[in-house]
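Quick notes on the structure that follows.
The values are calculated or read from the model by the stated rules, or taken from the named source; none is laboratory data. In this text, all values refer to a predicted model and were calculated from it rather than measured experimentally. Positions of Cβ are generated from backbone atoms using ideal geometry, with glycine treated the same way; all protein chains shown enter the neighbour counts. Surface accessibility is based on the protein's heavy atoms, side chains included, excluding ligands, DNA and RNA. Shrake-Rupley method; radii C 1.70, N 1.55, O 1.52, S 1.80 Å.
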Amino acid sequence: MRKPLVAALFALVIAGAGAVPAVAAPAPAPETVAAESAAAPAQDAAAPTLQAVNLAGTVALSNCSGSVIRFPNSLDTAPALVLSNGHCLSTGFPEPGEVLVNQASSRTFGLLNSAGTRVATLRASKLAYGTMTDTDVSIYQLTSTYATIRNSYGISALTVQNTHPTVGTAITVASGYWKTLYNCSIDGFVYRLEEGDWTWKDSVRYTSACQTIGGTSGSPVIDQSTGNVVAVNNTGNEDGGTCTVNNPCEVDESGNVTVREGINYAQETYLIPACFTTGNQLNLSASGCTLPKP
């Protein structure tokens, strides 16, 4: 899981990285796949127009990355939401089968502008939803509305797409923790992704260009053609291990296991909008809501 861990400090010492946030290694330079794709000859008239993605609307947590998000029908007057991973909760990893809803929280988030400069500190009023079952997601409700954030800091929330992403989509993983962008494409979808005691369904697999590291957990995965969030970054196979923590494995419908060392993954987010009202209140009983329930 792409979360800074205390054990990873050893790697920093060996690398001579010095006093930087506790993660496995300094963030690599952003990849250039998106630029290369944009420069390539168009294959057909229907090819999407790619756009540069920046860090506006991303946030830095104490241990992970995240983003201020909205849904297609969210009201401007609704309390804003922050999306990250379930394994980034300050209370620790949820157990398999555990779902947390509407729990009081005063967690803070550093809001970034397009250049990656911290322009504000946002505060949660509650953890609206958090789990590591079937997916790996946390959603915090803030004390500020979308309108307040936009009017005060000139930053708009990222919209979560409510349809399934597609293979080949050019994407950017935008890490607020590292203030770094990783550009690649969706390589495919994994029937089951297993890591330690947890299993995630229909996960996104990146092409190899997205070499995300510790601290990028919770980063929004942004479709370069729409600017919408299609997934949330959460893990990668670091050492070639099989189905262990930090070494997830792919399991197909027949139970066959595949290990892809050095490949990273995300969890889809298109299921989330159906579970929230226009006022951003969680409603797990809503029609079309299929997120795991407590």
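Residues in the stretch 122-134: is at least one basic (Lys, Arg), farther than 30 Å from Asp252 by Cβ, outside any strand (DSSP E or B) and over 15 Å from the mean Cα position of the chain (by Cα)?
No, that holds for no residue.
Considering the stretch 250-264 alone, what residues qualify as being in contact with a Gly (Cβ under 8 Å, 6 or more places away or on another chain) and not aliphatic (A, V, I, L, M)?
Glu261, Gly262, Asn264
Filtering the stretch 239-262 down to residues that are assigned to a loop (DSSP other than H, G, I, E, B) and touching a residue at least 60 places away in the same chain (Cβ under 8 Å), which residue is farthest from Arg2 (Cα to Cα)?
Only one residue fits best here, namely Glu253.
For the stretch 94-112, which positions are outside any loop (DSSP other than H, G, I, E, B) and of a type in the set (Gly, Ala, Ser)?
Ala104, Gly110, listed by residue number.
Would you check if there is a residue in the stretch 269-280 being free of Cβ contacts under 8 Å to residues at least 12 places away in the same chain, open to solvent by 10 Å² or more (accessible area, probe 1.4 Å) and either of a type in the set (D, E, K, R) or in a loop (DSSP other than H, G, I, E, B) (or both)?
Scanning the stretch 269-280, I find at least one residue that is free of Cβ contacts under 8 Å to residues at least 12 places away in the same chain, open to solvent by 10 Å² or more (accessible area, probe 1.4 Å) and either of a type in the set (D, E, K, R) or in a loop (DSSP other than H, G, I, E, B) (or both), so the answer is yes.
If we keep just the residues of the stretch 212-241 that are of a type in the set (S, T, N, Q) and farther than 27 Å from Gly130 by Cβ, which is surrounded by the fewest Cβ atoms within 10 Å (Cβ to Cβ)?
Ser225
Of the residues Thr172, Thr163, Thr91, which single one is without any contact (Cβ under 8 Å) to a residue 60 or more places away in the chain and either outside any strand (DSSP E or B) or surrounded by 24 or more Cβ atoms within 10 Å (Cβ to Cβ) (or both)?
Thr91
Collect the residues in the stretch 206-238 that are assigned to a loop (DSSP other than H, G, I, E, B) and among the β-branched types (Val, Ile, Thr), keeping them in residue-number order.
Thr207, Thr212, Ile213, Thr216, Thr226
Have a look at Ala147, Ala115 and point out the one that is part of a loop (DSSP other than H, G, I, E, B) and aliphatic (A, V, I, L, M).
Ala115
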